[in-house]
1. I'm checking my understanding of the structure. Among residues of segment 118-155 that are of a type in the set (Lys, Arg) and in a loop (DSSP other than H, G, I, E, B), which one is farthest from Glu166 (Cα to Cα)?
2. Among the numbered conditions (1) more than 16 Å from ligand 1 (Cβ to nearest atom); (2) surrounded by 13 or more Cβ atoms within 10 Å (Cβ to Cβ); (3) farther than 24 Å from Phe161 by Cβ; (4) not hydroxyl-bearing (Ser, Thr, Tyr), tell me where Pro70 comes up short.
3. Looking at segment 106-117, which of its residues are in a strand (DSSP E or B) and of a type in the set (A, V, I, L, M)?
4. Which one of Leu12, Leu20, Leu48, Leu16 is more than 16 Å from ligand 3 (Cβ to nearest atom) and touching a Cys at 6+ places or on another chain (Cβ under 8 Å)?
5. So if I check each of Gly103, Gly55, which one is without any contact (Cβ under 8 Å) to a residue 60 or more places away in the chain, among the small types (Gly, Ala, Ser) and not in a strand (DSSP E or B)?
6. Restricting to segment 142-171, give me the number of residues that are near ligand 1 (Cβ under 8 Å from one of its atoms), closer than 22 Å to Asp28 by Cα and not β-branched (Val, Ile, Thr).
7. Based on this model, can you work out whether Ala137 counts as within 24 Å of Lys95 (Cβ to Cβ) and touching a residue at least 60 places away in the same chain (Cβ under 8 Å)?
Amino acid sequence: SAVYAEIWEGGLREDLREVLFDADVIHDRVIEMGRAITRDYTDKHPVLMLGILKGSYPFLADLARAVNLPVTVDFMAVSSYGAGTKSSGVVRIMKDLDRAIEGRHVIIVEDIIDSGLTLHYLRENLRGRSPASVEIAALLDKKAVRKGKELEDMGARYVGFDCPNEFVVGYGLDFKGRYRNLPFIGVLRPEVYS
Ligand code: 5GP
Ligand code: MG
Ligand code: MG
């Protein structure tokens, strides 16, 4: 939007080498995803939108406001990356759900699928808690990263965009805790890492 364009002239935006997904593009796609969820879950009840902290917070906020159904919202926090840019393969639950999900239709809302390890672990963990169903809504999918690997198809029902094999920041995605507040998604300049 014009407001964002004005706010993000210069300043923190200068740390980006390139913008991959602009705010308007993200917004339009998230609205479409919300419509699809509204359609698919009309006869399913109760629906729980489960945001994975912290990266999913803008996506969950926008997506949930595009779903015209009586959903509830809960959060889990998991840690798989530490402070750097590479997956450690170890998933730890730092904050669990507030309420049981037994009999609920759970939609896991995640910022990005990279190796797939986090979501694979989470989905199996949640399936052990007797939900009515578990689906995944991910804004970005780095599908090419998993080509030929065991987790190639994560079976995410809702995916916003295919993501190139780059470390991206913005719209919830961080580098060392920063850049989550960018309304767009992009790639950092190499100098920022050093
Ligand atoms: P995965 O387990 O699929 O490899 O990814 C787990 C988490 O790592 C994602 O939910 C996300 O928080 C983080 N992650 C993966 N790829 C990226 C990326 O390109 N940029 C950022 N900022 N985080 C990422
Ligand atoms: Mg995440
Ligand atoms: Mg992170």
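Readers should treat all values here as calculations from the given coordinates under stated rules, not as data from a laboratory. These numbers were taken from a predicted model, which means no experiment stands behind them. Counting neighbours? That spans all protein chains shown, and the Cβs are built from the backbone with ideal geometry, glycine included.
1. Among those residues, the one meeting the criterion is Arg129.
2. All conditions pass for Pro70, except number (2).
3. Val106, Ile107, Ile108, Val109, Ile112, Ile113 - these are the residues of segment 106-117 that are in a strand (DSSP E or B) and of a type in the set (A, V, I, L, M).
4. None of the others qualify; the one that does is Leu20.
5. Gly103
6. Residues flagged as near ligand 1 (Cβ under 8 Å from one of its atoms), closer than 22 Å to Asp28 by Cα and not β-branched (Val, Ile, Thr) within segment 142-171 amount to 2.
7. yes
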